[in-house]
Structure formats: structure tokens, C-alpha cells
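Structure, as C-alpha cells:
The values are calculated or read from the model by the stated rules, or taken from the named source; none is laboratory data. No experiment lies behind these values; they were computed from the predicted model shown. Cβ: placed from backbone, ideal geometry, glycine included. Neighbour counts: every protein chain shown. The protein model used for the area step is the full one, side chains on, heavy atoms only, and it has no ligands, DNA or RNA in it. Shrake-Rupley method; radii C 1.70, N 1.55, O 1.52, S 1.80 Å.
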Amino acid sequence: MFGLRTWSELLYAMTDLPVVGAATLSMLLALALGLTLSVTGVGLALFAAGLALAREIGGLERARARRLLGLHLDPPAWPRPAPGFLRWVGSTLADGVAWRAALYLLLRLPLAFMTWVLAAGLWAVGLADLTYPAWSHLYPQSWAGMTMDTPPRVLEVTAAGALALLAAPWVVRGAVRLSRALVGFLLGPTALSERVRTLEERRGRAVEDSEAALRRIERDLHDGPQARLTTLAMDIGRAREALAEGADPSGLLDQLLEISHQNAREALVELRNLARGIHPPILDSGLAAALETLATQSALPVDLDVSDADRPSPAIETILYFCAAELLANALKHSGGRRVRISLSGDDTSLLLRVEDDGVGGATMAGGGLCGLEDRVRTVDGRVAIRSPRGGPTVVTIEVPRHA
Amino acid sequence: MRDGGEQLRVVIAEDSVILRDGLVRLLTDRGHLVVAEATNGDELREAVMGHRPDVAVVDVRMPPTHTDEGLRAAIALRDDDPRVRILVFSQYVETRSARLLLAHGAEGVGYLLKDRVAEVGEFLEALARVAAGGTVLDPEVVSQLVRADHHSSSVSALTAREREVLALMAEGRSNAGIARALFVSEGAIEKYVTAIFAKLDLPPYPDDHRRVLAVLRYLDI
């Protein structure tokens, strides 16, 4: 009962009044000054400063609650304003997080006062009474008109002290619980702010994803077709020079022409594959058709089960196609299985892609490929689930909305 | 040697196997000797230090980052020893890269578009020029520099013909080379050059090699 929790809560209660008191008073000072001067710009800035102070104190309060009460609360996301003093003032005045923090401080002040008085009072009185026998002859106390100096009376006081001390932790806990609730209620993230934060993260990821994809395309073009065509041009140039110098056509020329022809053919293959990697033309005929092609071209036999007639938006089709292609490639490379089952189903709002192989299992999100896949799916608010126990089978389920 | 030129000892730094093989074939055909092949900046450095070639042919883009390793290796090599002759070539030419490359002098340095290897004769001539201590700058880069709107009235005061000669000078060609390119006599070119230097208010440079730098500096490289 008098364990760590009691002492932490007591510390919390005791630091309440000084911390909350100082903070609230400063904030109120700033807000009040701001209001009175609000006809001038300075007033507004002061008001904003007061709100910002409240927001920062909110952080402190969250930390205090975390350290001493074990309350783990994510900080609420608040919009970071663009640089510039005026922008800062404007966004702070409109910041819900700051206003809620200010409200918290206002409500908290009386609560802090009460908590502090209760905690200090009970502990002080309890300790004093418990030790009464030691100093009763110095300062005898009177209670209800009686002087408590006879042994039975002294004992009564001591008993009262003991009771107070026993009750103290519980009373403090109750008061602290109220504070804790207030912290959770007003200083935590709201559903809306969380949504905004998530969307911003995803947008960031989507942008980086497309940037990385473009860079990959440029590099593939540079290393593949461009290199080949340069060599092709070089070889043809040499052939022309050789001819101009009267070289023996059948010898050097034949060799040069063969190499050039080879290079041209391989450049065509590389370009075709590259184009397909960017946008497979078959997707224009729909995801079902594209999955069929994927299945027939796959080295592993694929059972395809498509039970969805309505086409989703093109972006969703593309994402699902590339997911299926990657999962199929993974199954081929890592699973050691013999068959793959791909199924596509859905309802009015979402689509479900399921890829299952009968291999050895053990697939995790940790691999780079699956992680990238998840990132891409999440940019459209989709979800990826993997079930892959050791020994198999592996089932990957991807759920996405019909429209991005 | 096939065309009566000197045999050159060449180091090739290019990570694409296809292209590297093509270059080796091209050079060996002509009678040059490829003493070493490198696929990244470190290998290039080792090859040049170890073999001391007459010229190194270096691709700007190599592993590990595939951005500008070759360019940086070339600059580092020339920082250590300005006598090293390097012909850098790239899929895209940029004035900024040319600037960096020429920062420590224009002797024995070249910067060409990869496409130029298709003009076999010109490429080999450029290679020989760099190996002999001259300068080679891709016409693409030069045309960007010579565009009249970039400059003060002096360049626009040049006649069209004079601007052509200026551009060819900036590419690093000698008077003889310019004369060949424009199908006029070397004497005519000398007259143009004198006129150009007078109009641009530059002291005349007797040395073909050194004037490249002056011209390029003038053109803000």
C-alpha cells in the first residue's frame, strides 16, 4: 500500500499546485494582457503567446502524468505553421490543441488547489498526530473543548493520526484520478487530428514512392536501352569506316553486323519489358484480364478465381496488379511451393485480393518487398495481412477501397 | 597504327558491360592498346596510378550511387596530378559539370556526350587531342555557353561566322581543326581569331591550347 505508486501519486499531487499554478497564472497573464491590448496587433500576438504557452505546458503536463502516473498518451498532432511571425500568430489562434490546453489549465487550477490541500493536509495531520506522544507535553492540543494530555486522550490522537495516514493514499489516489482523467480528456489526440497526421504521413510516402519509381525508370533506361543503342551506333559507325577504307566486307563487316543486330534486338526486348513495368497495356482491359495474363505467364501454376464484375478505379487496378505480380514473384522465389491461388472478390465499397501458396511459409513484413507493398497499399487507405506460419501455407490478403 | 596516328595506351572506366566491350573493340580495332578496364571510381584510380596511361576514358555515372562518381574521380585524379589526361563522357552534358572539370586547367581534359562515340572518326580525333594535352568540350555545352542572350553586347557584336569560330575555339579545336571543320583556309581562321579577340577585348593567345581557357572563362564557364 505504501509502495512506489503511492509515493509517485503523492509527488504528483504535491507538484500540482506549484506547476499548474505557475503555468496557469502565466498563461492567464498573457491572455489577459493580450485581450486588453487586443485592439493593437501586439495584443493578439500576446494572446497567441499565451495559447502557445498553454500548449507547451500541456506537453509538460503529459510528461508529468507519464512519469508519475504511468499515463501514456500520444501527443496530439498540431499543424506546424509556415515560417513568418504573422502566420505563427494566426495559426496559433486557430489551433484547437492550444485552446484545449488552455481550457485544461483553467479547469485544473481549482483541482490542483484541492488536491494539494487534501494531500498536504492529510499527510501533515496524520504525521503530526501519529507522533503526538512525542511532543504532547510541549504543545498539548485541544479537541472539542478537551485538552488531550492524558494517556488515553494522547492515544486517541495517535489513533486518529494513524487513520489519517492510512486513508491518505486512497484520498490522494482519488483526487489524482480526477486530474488524470482531465489530462486524458483534454491533452490527448483527437480522432480528427490523428486522421490529419496519418494522411500527411501517407501523402509524404506516396510522393516519395512516385519519386523513387521515376528514378528507377530513368536508371533502367540509362543502363539498358541507352547503353545498347549507343553501342549499336558505335558499331555501325565502325562498319561504315571500315567500308570506306575498303576493308574486306565478309570478314570484319559480318562480325560487326551480327553484333549490331543482336544489340538492336535486345534493346527492343529491354524497352518492351521496361514499358510493361511502367504500365502493362493489358490493364486497360481490366484487372481480371491482367491477372489472367499474369497467371498464364507464371512459372508456377496459378489457380485464378475472380468473382468481381465491376471495375474499380484505374489507380486501384494498377496497385492490385503490381501487388499480385510481386506476391507471385515472391512465391516463386522464396516459397518452394508448387501451386499458387489468386482470388479477387469484393463488395460495394472494397476489394479483396488474396494470394496463397503451398510453400514453406515464414514470410514476414520485414522483407523489403512486402514492406514496400504495404506502403503502396496504405497510400489508398488499404490494408495488408499476412498469415505465414513456418511450414506454410502462406496467405497474403490485401484489402483496398474501390476508389482511391 | 591504322590511320598513321600514335598508338595510345588507354584506360576505360565504364560500368555497363555492353558499352565497355564496344569501346574496347573500337579502340583495339584502331590499333590502340586498352591497358585496363575499370567499373567504378576506385578501380579507375588504381588503374591510372598503376598503368599511367596516355589517356583515360571515363563515364560520369558509375556505382555505387550512379550519379557522378566518374566525374568526381576524374577531378580528384587531376587535383593530384594535372598531367593526367582524361576524357569524361556522359549521357547528358551540363555546364556545371564542365565547369568543375575545367576548374584546374583545360590541358588534357575532355567532356563529351556519349552519343559522340557514334561518330567514330570524331571521337578518335577527340581522344587523340586530349592525349596530346589539348581540350575537348562537347558542342552541346558550347552552344549553351555561346548563346548571345547570355552575354554582354560584345558577343552579339560578332558576326555569325565569328561566332561559329568562337564556338569551335571553345570546343578546344586548333586553328587547323577549325579550318577543316569550316572548309576554309587556316590563314582565314587566323584572321577571324584575331578579330574576335579584338572585339572581345582579350589579349591574343599564341598558344592554341591556352586560349581555350581564356575563351571559356570569357563565356562564364
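Please compute the Kirkwood hydrodynamic radius of chain B from all pairs of different C-alpha atoms, in Å with one decimal.
Working: mean 1/r = 0.0562 Å⁻¹.
It works out to 17.8 Å.
Viscosity 0.890 mPa s, temperature 25 °C: give me the Stokes-Einstein translational D for the range A:349-404 in µm²/s, with Rh taken as the Kirkwood radius over C-alpha pairs. Write down the numbers at each step before the final one.
Details: Rh = 11.7 Å.
In µm²/s, the coefficient rounds to 210.
Excluding ligands, DNA and RNA, the accessible surface per residue across the range A:42-151 is 56 Å² with a 1.4 Å probe.
Shown for the range B:1-54 is the translational diffusion coefficient from the Stokes-Einstein equation, using the Kirkwood radius over Cα pairs, a temperature of 4 °C and a viscosity of 1.567 mPa s: 113 µm²/s. Taking the range B:89-217, how much of its Cα-Cα pair set, in percent, is spaced more than 18 angstrom apart? Of the Cα pairs, 51 percent sit more than 18 Å apart.
Once you keep just the Cα pairs under 8 angstrom separated by 6 or more residues, what percentage relative contact order results for chain A?
Details: 506 pairs, mean separation 44.5, N = 404.
About 11 percent, as a whole number.
Between beta-carbons, use under 9 Å as the cut-off and find the net charge around residue B:116, counting Lys and Arg +1, Asp and Glu -1. Can you show the working numbers first?
Details: positive: B:114; negative: B:115, B:119, B:122, B:138.
Around residue B:116, the charge tally is -3.
Taking 8 Å as the Cα distance limit and 6 or more residues as the minimum spacing, I'd like the relative contact order of the range A:182-264 as a percentage.
Numbers: 25 pairs, mean separation 22.6, N = 83.
Dividing the mean separation by the residue count of the range A:182-264 yields 27 percent.
Ranking A:281, A:336, B:11 by how far each Cα lies toward the positive end of the dipole of the protein assembly as shown (charges on Cβ) leaves A:336 at the top. The fraction of accessible area contributed by carbon and sulfur in chain A is 64 percent, rounded to a whole number (1.4 Å probe; ligands and nucleic acids excluded).
When you look at the Cβ of every residue in B:86-95, what mean number of other chain Cβ atoms sits within 10 Å? Numbers along the way, then the final one.
Numbers: counts 0, 0, 0, 1, 0, 6, 1, 0, 0, 0.
For peptide B:86-95, the averaged partner shielding equals 1.
Residues of the range B:46-72 whose accessible area (probe 1.4 Å, heavy atoms of protein chains only) drops by at least 20 Å² once all protein chains are present, relative to their chain alone: B:61, B:66. Each peptide in A:264-273, B:24-33, A:97-106 receives the mean, over its residues, of other Cβ atoms within 10 Å, and ordering these scores from highest gives A:97-106, B:24-33, A:264-273.
Rank-order A:26-38, A:240-252 by packing density, defined as the average count of other C-beta atoms within 10 Å over each peptide's residues, highest first. Please list the in-between numbers first.
Details: A:26-38: 16.4, A:240-252: 12.1.
Result, highest mean Cβ count within 10 Å first: A:26-38, A:240-252.
Per residue of A:258-264, other chain Cβ atoms within 10 Å of the residue Cβ number 1 on average. The alpha-carbon atoms of the range A:147-193, seen along their principal axes, cover 66, 16, 6 angstrom, with the largest extent given first.
The accessible surface of the range B:31-100, taken with every protein chain in place and a 1.4 Å probe, is 50 percent carbon and sulfur.
The GNM of chain A, with springs linking C-alpha atoms under 10 angstrom apart, assigns the highest mean-square fluctuation among A:275, A:77, A:324 to A:275. Entry note, chain A: the mean residue ellipticity at 222 nm calculated from DSSP H runs of n ≥ 4, each adding -39500 (n - 2.57), is -22500 deg cm²/dmol after division by the residues and rounding to the nearest 500.
With viscosity set to 1.567 mPa s at 4 °C, what whole-number translational diffusion coefficient in µm²/s follows for the range A:76-201 from Stokes-Einstein and a Kirkwood radius over Cα pairs?
Numbers: Rh = 18.6 Å.
Diffusion coefficient, whole number: 69 µm²/s.
Interface size, chains B and A: roughly 1900 Å² of accessible area buried, both sides included, 1.4 Å probe, rounded to the nearest 100.
Using only alpha carbons, build the gyration tensor for the range A:307-362 and give me the equivalent ellipsoid semi-axes, biggest first, whole Å.
On the way: eigenvalues 122, 29, 11 Å².
So the three semi-axes of the range A:307-362 are 25, 12, 8 Å.
Here the convex hull built on the C-alpha positions of the range A:23-125 has a volume of 100 cubic angstrom per residue.
Each part reduced to its alpha carbon centroid, the range A:364-404 and the range B:104-142 end up 52 Å apart. Calculated accessible area for the range B:7-105 comes out at 41 Å² per residue, all protein chains present (probe 1.4 Å; ligands, DNA, RNA ignored).
What is the sum of charges, Lys and Arg at +1 and Asp and Glu at -1, for the other residues whose Cβ falls under 14 Å from the Cβ of residue B:37?
Working: positive: B:9, B:20, B:25, B:45; negative: B:14, B:15, B:21, B:42, B:43, B:46, B:59.
That works out to -3.
In the neighborhood of residue B:192, defined by Cβ-to-Cβ distances under 11 Å, what is the net charge if each Lys or Arg adds +1 and each Asp or Glu adds -1? Mind showing how you got there, number by number?
Working: positive: B:161, B:163, B:191, B:199; negative: B:162, B:164, B:186, B:190.
Result for the local shell: 0.
Could you tell me what percent of the DSSP beta bridges with both partners in chain A are antiparallel, to the nearest 5? That works out to approximately 80 percent antiparallel.
Would you mind telling me which residue in B:107, B:119, B:140 has the biggest mean-square fluctuation in a Gaussian network model of chain B, where springs connect alpha carbons within a distance under 10 angstrom? In the Gaussian network model the winner is B:119.
Global dimensions of the range B:15-97 from alpha-carbon coordinates: Rg and Dmax equal 12.4, 34 Å. Treating each Cα of chain A as an identical point scatterer and summing with the Debye formula, the log10 of I(q)/I(0) at q = 0.13, 0.14 Å⁻¹ comes to -1.09, -1.15.
Centre-to-centre separation between the Cα atoms of the range A:205-273 and those of the range B:19-95: 20 Å. Note on the range A:129-273: Kirkwood hydrodynamic radius from all Cα pairs is 25.0 Å, rounded to one decimal. Relative to the globular-protein estimate of 2.2 N^0.38 Å, the Cα radius of gyration of the range B:64-119 stands at 1.10. Measuring nothing but alpha carbons in the range B:156-209 and taking Rh as the Kirkwood radius, the Rg to Rh ratio lands at 0.92. Both radii come from the Cα set of the range A:165-228: Rg as radius of gyration, Rh as Kirkwood radius; their ratio Rg/Rh reads 1.60.
Please average, across the residues of B:111-122, the number of beta carbons from any other chain that are within 10 Å of each residue's own beta carbon, and give a whole number.
4
Going by Cα centres, the range B:158-221 and the range A:18-90 are how many Å apart? One Cα centre to the other: 69 Å.
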